[in-house]
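Visitor: Just dropping this structure here.
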Amino acid sequence: MKIISSIFIAIVLTLGLFSCSTEQDNIATKKLSIEDKQQLAENAYLYGLQQSVFYEARFNYTQNEGSDAFAGLNRWSLVNDGEPIDTKFKAIVTVNATTAYAMGFCDTKKEPLVFDMPEVSDRYYSLQLMDHYGIFWLYAGNQFNGTKANSYLILPEGYKGSIPASFATTEVITLPSTSFIGVVRYARKDPSSKTEIKLLNDLLAETTITPLSKWIANGNKGVKRSDKSIELGDYKQFPRMKEITSRQVDKQNAEDFFTFLNLDLNDPTTALIKDSKKEFEMLARLSEIGIGKDLSFDWSKLDEQTKEALTKGFESGRMLVKTSGKKNLLNMNGWGVISNNGGYATNWLDRSIMGDFGWLGPDRSISHGAAFAFTDSEGEKLNGKNNYTITFNMNDLPPVTQFWSIPMYDVAGYFVKNNIKRFSVNQFGLDAGEYYVADGKLTFYLQHKKPTDKNQAKNWLPTPADGFRMTPRFYGPKYPLIDGSYNMPKVLKAN
């Protein structure tokens, strides 16, 4: 009976595989019209934006030796060299000055890696690992693991080696892709304090990425960043990559994007989504224009009609992401909230919106969440030619378990120089008594020029001279900040 069942299963599986192969062959042999190519390009943009940003950022961090972000493989890049983040940092959009960051592109193709985190008892901290699709495979930190020191072992899929007995099963994570990015955050309570800067840099120094064999040889301890040699990434690249390391989403053209997409699909360190019919169908369509596994895509060899169709589709895809990103946000009293519920394996629109609006932002709002403001309470675009106010009721501050912060950006998502070097207002400033509070109200003054009133000047959040946007962060968000039911104060234009 077992033999008959096995034969039957084998026949079913064989027929199933044959059916899939035939379907792919049929799709791949269809001749695409110009309209089909344009629509394909638009859909491909939604599918591949996260991957293209990942590929470029990885180049910048592991191969672009002249970059401020360069650190090599399996080694932390300290954002702004461990100093408080300011206008010099352009590698990632919408960074937050209220945290000390380290980012590192990693690869387990040679052997597993161990991430060590020190004991942290006095502030928020987190460690997160993300693949090229924007899918997060690890959320760790004080919200999840408490304050004690922890170690995490990251394995490549199919790993057959031994695992040290000290690791609990919850500390061993297997990723389908060997290539991924890690990001660590420590709350920065006072950016002007030299003592605080030293404390955070000491914590970052104790936060390590170490190949498993070296971790064992070092007595089951991580090797510090300063003691590690630099290992260059060996991923394929093309000349334009050096020109678009900042503001990539807006700078890259159709040729860049489709070249990135083909490189990603031929990268042995990045895996496809398992058993995804949606991705399978997309890859079959992309093969019609020479993009896919074992295909050598060359934009220069495309005919002019195809180039024009792909360019139009690329541009309409980019516009769709930007407009949908604003329209699809949950309305939190005029602020937009991304409904991050995961699902990036198949929800390409949401993952492309995150790739544009805040790449490396979490796919689920469990560690921290964010809101967006592009317009004031009257629906007009925010502009530094105007003055604005945001007024909180002290009994109704953003509901968080950790802290909140409101950073100020230009329209592209970067900090802008100002005389007082203030790039955000936050809970730490309020707790320290830096802001003026009257009658149970906390009012922030958003304007380009410093207010003449001394109390308003205490609460001044400088704006750029022209267009700007804001992306408040909520660390340890409670549910009203996720479903949009919190009564976030509106951005009011001042008289």
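No lab work stands behind these numbers, since they all come straight from the coordinates. Model, not experiment: these values are computed from the prediction. Here the Cβ is made from the backbone with ideal geometry for all residues, glycine too, and neighbour counts use every protein chain on show.
Visitor: Between the DSSP loop rule and a limit of at most 15 other Cβ atoms within 10 Å, which GluC sites (Glu not before Pro) in segment 132-227 are left?
Guide: Numbers: sites: 157, 171, 196, 206; in loops: 157.
Sites meeting the loop and neighbour criteria: 157.
Visitor: Mind running the shape call on segment 110-174? Use the C-alpha gyration tensor, a ≥ b ≥ c as the square roots of the eigenvalues: rounded below 1.5 for a/c, prolate if a/b tops b/c, oblate otherwise. Write down the numbers at each step before the final one.
Guide: On the way: a/c = 2.63, a/b = 1.40, b/c = 1.88.
Cα axes put segment 110-174 in the oblate bin.
Visitor: Now for a different question. Taking the Cα atoms only, what angle lies between the long axis of helix 254-265 and the longest principal axis of the chain, rounded to 10 degrees?
Guide: Tilt of helix 254-265: around 60 degrees.
Visitor: Can I ask one more? Could you state the angle between the C-alpha long axis of helix 277-286 and the longest principal axis of the C-alpha atoms of the chain, as a value from 0 to 90 degrees rounded to the nearest 10?
Guide: 80 degrees
Visitor: Place +1 on the Cβ of every Lys and Arg and -1 on the Cβ of every Asp and Glu in segment 332-493, take the dipole about the Cα centre, and give the residue among 344, 488, 471 whose Cα lies farthest towards its positive end.
Guide: 471
Visitor: Any chance you could check the Cα centroid distance between segment 215-281 and segment 385-446 for me, in angstrom?
Guide: 36 Å
Visitor: Treating only the Cβ atoms of Lys and Arg (+1) and Asp and Glu (-1) as charged, compute the dipole magnitude of the chain about its Cα centre; round to the nearest 20 debye.
Guide: On the way: 57 positive and 56 negative charges, 194 e Å.
For this selection, approximately 940 debye.
Visitor: Quick one: 3J(HN,Hα) in Hz for segment 206-215, Karplus 6.51/-1.76/1.60 with θ = phi - 60°, rounded, Gly and Pro as x.
Guide: Working through the residues one at a time gives 7, 8, 10, 10, 9, x, 4, 4, 6, 5 Hz.
Visitor: Hey, what's the per residue convex hull volume over the C-alpha atoms of segment 64-227, in cubic angstrom?
Guide: Numbers: hull volume 20.6 nm³, N = 164.
It is 125 Å³ per residue.
Visitor: Follow-up question, since we're still on this one. Please give the calculated 222 nm ellipticity per residue for the chain, where each DSSP H segment of at least 4 residues contributes -39500 (n - 2.57) and the sum is spread over every residue; nearest 500 deg cm²/dmol? Intermediate values should be presented prior to the final figure.
Guide: Working: 13 runs with 155 residues, N = 495.
Mean residue ellipticity at 222 nm (helix-derived): -9500 deg cm²/dmol.
Visitor: Moving on to the next point. Looking only at Cα atoms, what is the convex hull volume of segment 439-482 per residue, in Å³?
Guide: Working: hull volume 4.8 nm³, N = 44.
Each residue corresponds to 109 Å³ of Cα convex hull volume.
Visitor: Once both labels are modelled 7 Å past Cα along the beta-carbon direction, what's the residue 366-residue 193 spacing in nm?
Guide: According to this spin-label approximation, the distance is 3.1 nm.
Visitor: Tell me the angle of helix 2-29 to the major Cα principal axis of the chain, expressed in degrees between 0 and 90 and rounded to the nearest ten.
Guide: Helix 2-29 and the main axis of the chain meet at about 70 degrees.
Visitor: How long, wide and thick is segment 332-493, going by the Cα atoms along their three principal axes, in whole angstroms, largest first?
Guide: Reported extents, whole Å, longest axis first: 52, 33, 28.
Visitor: On a straight-distance basis, which aspartates and glutamates could pair with residue 236 in a cross-link, Cα separation under 20 angstrom, same-chain partners fewer than 8 positions away excluded?
Guide: Output for residue 236: 56, 65, 107, 131, 255, 256, 264, 267, 294, 298.
Visitor: Separate question: Only counting other Cβ atoms within 10 Å, I'd like 453, 107 sorted with the fewest neighbours first. Walk me through the numbers before you get to the answer.
Guide: Details: 453 12, 107 21.
With the sparsest Cβ surroundings first, the list reads 453, 107.
Visitor: Taking Cα pairs under 8 Å and at least six residues apart, what relative contact order does segment 332-493 come out at, in percent? Numbers along the way, then the final one.
Guide: On the way: 313 pairs, mean separation 62.5, N = 162.
Relative contact order comes out at 39 percent.
Visitor: To the nearest 20 Debye, how big is the dipole of segment 332-493 about its Cα centre, given +1 on the beta carbon of each Lys and Arg and -1 on that of each Asp and Glu? Provide the component values of the computation, followed by the final result.
Guide: Values: 17 positive and 14 negative charges, 96 e Å.
Dipole size: approximately 460 debye.
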